[in-house]
Amino acid sequence: MTLAEKMNETTQSRLVVNGEAVACKAATLAQLLAELGYGAAKVATALNGEFVPEKARAATPLATGDAVEIVAPRQGG
Amino acid sequence: MSTTTRAARSAEHASAFTVYGTGVASRLMLGTAQYPSPQVLVDAVKASGAGIVTVSLRREAARDKGGQRFWDLIGGLGVAVLPNTAGCRTPKEAINTARMARELFDTDWIKLEVIANDDTLQPDVFGLVEAATVLAKEGFKVFPYTTEDLGVAERLLAAGCEVLMPWGAPIGTGRGLANPYALRTMRNYFPGVPLVVDAGLGAPSHAAQAMEMGFDAVLLNTAVAKAVDPVAMARAFAGGIAAGRTAYEAGLMEQRDMAEPSTPVAGTPFFGLGQKG
């Protein structure tokens, strides 16, 4: 492992976002949405199965192994 | 209730029925999934006259603006939105899906589904009662997708539900009212509770039958969305519902086992002359 890789490992979290493995630098849920490019998208979020309100995202820390759900309005019956 | 009272009641309210204190103009609640195109969906909703449409929430990838597009489409319909928890298998999943839906759709209405079985998509009534109890305490107005079971219905009402949505038949089967006896019993047992037949309706006659029994509304999706002409089928369901409801208010005749002539017997030509060659 190179030094750069080692440094990366310390600054990156490995998450599961919408069922897929994602490596990211974000320390909070709000930062994750920005890093992944959601911008101002109309989405709702959950962390490890629990709803996280929009206003709580900035204060919600992320750690390796966390499972994040990012959902949007869709057709339904 | 007498026929007169029913007619008077329907005449004095512009709303077809009231749920959680909100008057709903139409007895048809329509799902928004599986239409051949967004435009057909819009046209079908308009043709149906539905006052409430159901929606869901699903995983969205970054930069996929599908959620915003769908939200804008629904916003243009001018109808109330009822988000569902379709696909949830546990109370925890359903509860957290409901919380996400409340934030996304800005409504405290939730069509609560906790599914027990992949093949039948039947409600997990134990999980349903558990989730409804939690959500009602959080201020949700829960529309539970349930069975005809009266004991479960009592539990849901005790949990705070003010409407019940028993299945007609398993979701997507189009089989109509699989257990009309149980549905009629439920209607009679809860005369004052808004009851919506949800799922399994395949034809306007099925919706008419539910209306004739006195159900307050029906909720359907596949029968319209998967019709060859969804817009025409939406109109057909609206017609079936109108006919069935009018029939209920008019008071249906009692069924009898033996025939009884409708034409007067008195004065029948040749009456009493015997049966000679």
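The values are calculated or read from the model by the stated rules, or taken from the named source; none is laboratory data. This structure is a prediction, so every number in the text was calculated from the model and none was measured. Here the Cβ positions follow ideal geometry from the backbone for every residue, glycine too, while neighbour counts run over all protein chains shown. Surface areas here come from the heavy atoms of the whole protein model, side chains and all, with no ligands, DNA or RNA. Shrake-Rupley method; radii C 1.70, N 1.55, O 1.52, S 1.80 Å.
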In terms of the alpha carbon gyration tensor, root eigenvalues a ≥ b ≥ c, rounded if a/c is under 1.5 and otherwise prolate when a/b exceeds b/c or oblate, segment B:24-112 is oblate
Between segment B:159-201 and segment B:75-147, what is the C-alpha centre distance in whole Å? 17 Å
Mean per-residue count of partner chain Cβ within 10 Å for B:50-61 equals 5
As a quick test, which of the pairs A:Lys42/B:Lys46; A:Lys25/B:Lys92; A:Lys25/A:Lys55; B:Lys65/B:Lys226; B:Lys92/B:Lys226; B:Lys92/B:Lys141 have an alpha carbon distance above 23 angstrom in this structure? A:Lys42/B:Lys46; A:Lys25/B:Lys92; B:Lys65/B:Lys226; B:Lys92/B:Lys226
Of all accessible surface on the protein assembly as shown at a 1.4 Å probe, what whole percent is carbon and sulfur? 54 percent
With only helices counted (DSSP H, runs n ≥ 4, each -39500 (n - 2.57)), the per-residue ellipticity at 222 nm for the protein assembly as shown, to the nearest 500, works out to -11000 deg cm²/dmol
Rounded to a whole number, the mean other protein chain Cβ count within 10 angstrom for residues of B:85-98 is 2
How shielded is B:196-202 by partner chains, expressed as the average number of their Cβ atoms within 10 Å of its Cβ atoms? 0
Could you order the peptides B:218-228, B:113-123 from most to least packed, using the average number of other C-beta atoms within 10 Å per residue? B:218-228, B:113-123
Have a look at B:Val79, B:Val265, B:Val40 and tell me which one the Gaussian network model of chain B (Cα, springs below 10 Å) gives the largest fluctuation. B:Val265
Residues of segment B:159-186 with backbone nitrogen within less than 20 Å of a virtual label 7 Å along the Cα-to-Cβ line of B:Ser15, please, listed as ranges. B:160-166
Phi-derived 3J(HN,Hα) across segment B:41-54 with the Karplus relation (6.51, -1.76, 1.60, θ = phi - 60°), rounded Hz, x for Gly and Pro, is 4, 4, 5, 5, 4, 5, 5, 6, x, 4, x, 9, 10, 9
For the ranges B:87-95, A:45-53, what's the packing order if you count other beta-carbon atoms within 10 Å of each residue, average per peptide, and put the highest first? B:87-95, A:45-53
Specify whether the C-alpha gyration tensor of the protein assembly as shown places it in the rounded, prolate or oblate class, a ≥ b ≥ c being the square roots of the eigenvalues: rounded for a/c under 1.5, otherwise prolate if a/b is larger than b/c and oblate if not. prolate
Would you mind getting the accessible area per residue of segment B:201-277, heavy atoms of the protein chains only, 1.4 Å probe, in Å²? 63 Å²
Here the gain from full extension of B:Gln34 to B:Gln68, 0.36 nm per residue of separation minus their alpha-carbon distance, amounts to 10.4 nm
